[in-house]
Amino acid sequence: MKKLLFCSIQFLLLIATDSSAQPNTGKAYKKGHSTLTIGYGIGNVWKVFLDKIVDIPEYKVKSSGPYTLVYEYGILQRFSVGAAAGYSRVRGKAEKYQLADQITFLSLLVRANYHIWTTSALDPYFGGGIGINNSKYKNLDQHTIISNPNSKVPNTIDFSGQVGIKYFPAKKLGVNIEAGYINGAIILVGVTTRF
């Protein structure tokens, strides 16, 4: 997954290199323009949840992601709509008890943001989203006897609420940070390109 994130960031840099040396002119957010962000979530809430819900001594939890992809299109002077996809994986393990399990999360949301005060390089905004979350549980230890070691949890409604800012030091390439609840994370950092 880290290779995929690295390759995706390289792709965004490639898209933006044709004008990255040119100074930024105009507004950071405009009606009719699109942005694409590849990001990584910090503070995985599912890791905290699994760590607190499983009451087994020496149970260690690790997480990967959420990795996110966000597309946004400006439909009005201050209002944009878009879509977000996120993937994360949480693994728990207690060797003494021969327990090893994994939960994966895939979320797809539609989002809307209100852009507060835009300059040539800064685009602060707030917004929310709603969509679905698909979760799958998998038992990773072959010695554990579980009636259904691989089970799919029914799709659930997912949401997001975010306050964020994009900074564009170059015409097409920028960075992004969001805080709130974004695809299972508290903070999202990413690389953004606009077109």
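Could you go through the range 96-110 and let me know if any residue there is out of contact with any Cys (no Cβ under 7 Å at 6 or more places or on another chain), buried (at least 16 other Cβ atoms within 10 Å of the Cβ) and in a loop (DSSP other than H, G, I, E, B). Show your work before the answer.
Looking only at the range 96-110, we keep the residues that are out of contact with any Cys (no Cβ under 7 Å at 6 or more places or on another chain), and these are 96-110.
Filter once more, so that each one left must be buried (at least 16 other Cβ atoms within 10 Å of the Cβ): 99-109.
Right, trim to in a loop (DSSP other than H, G, I, E, B) and you get none.
No; the residues of the range 96-110 include none that is out of contact with any Cys (no Cβ under 7 Å at 6 or more places or on another chain), buried (at least 16 other Cβ atoms within 10 Å of the Cβ) and in a loop (DSSP other than H, G, I, E, B).
Checking each residue in the range 55-77 for being exposed (fewer than 15 other Cβ atoms within 10 Å of the Cβ), on the phi < 0 side of the Ramachandran plot, in contact with a strand residue (DSSP E or B) (Cβ under 6 Å, 6 or more places away or on another chain) and not in a strand (DSSP E or B) picks out I56, I75. Scan the range 158-177 for residues that are within 22 Å of H33 (Cα to Cα), under 16 Å from the mean Cα position of the chain (by Cα) and in contact (Cβ under 8 Å) with a residue 40 or more places away in the chain and the total you get is 5. If you filter the range 99-125 down to residues that are in contact with a strand residue (DSSP E or B) (Cβ under 7 Å, 6 or more places away or on another chain) and small (G, A, S), you find that the one that is farthest from L140 (Cα to Cα) is A121. In the set (1) touching a residue at least 60 places away in the same chain (Cβ under 8 Å); (2) more than 17 Å from I38 (Cβ to Cβ); (3) part of a strand (DSSP E or B), G92 fails one condition alone, (1). Residues in the range 163-184 that are closer than 20 Å to F105 by Cα and in contact with an Asp or Glu (Cβ under 9 Å, 6 or more places away or on another chain) were compared, and the one that is modelled with the highest pLDDT is G184. If you filter the range 77-132 down to residues that are closer than 21 Å to L188 by Cβ and hydroxyl-bearing (S, T, Y), you find that the one that is farthest from the chain's Cα centre (by Cα) is T118. Kindly check whether there is at least one residue in the range 9-21 that is modelled with pLDDT of 85 or more, surrounded by 11 or more Cβ atoms within 10 Å (Cβ to Cβ) and either on the phi < 0 side of the Ramachandran plot or hydroxyl-bearing (S, T, Y) (or both). No: zero hits. Among the residues that make up the range 139-146, is at least one of them in a strand (DSSP E or B) and modelled with pLDDT of 90 or more? Taking every residue of the range 139-146 in turn, none turns out to be in a strand (DSSP E or B) and modelled with pLDDT of 90 or more.
The values are calculated or read from the model by the stated rules, or taken from the named source; none is laboratory data. What you are looking at is a predicted structure, and each value in this text was computed from that prediction instead of being measured. In this analysis, Cβ positions are derived from the backbone assuming ideal geometry, glycine residues included, and neighbour counts consider all displayed protein chains.
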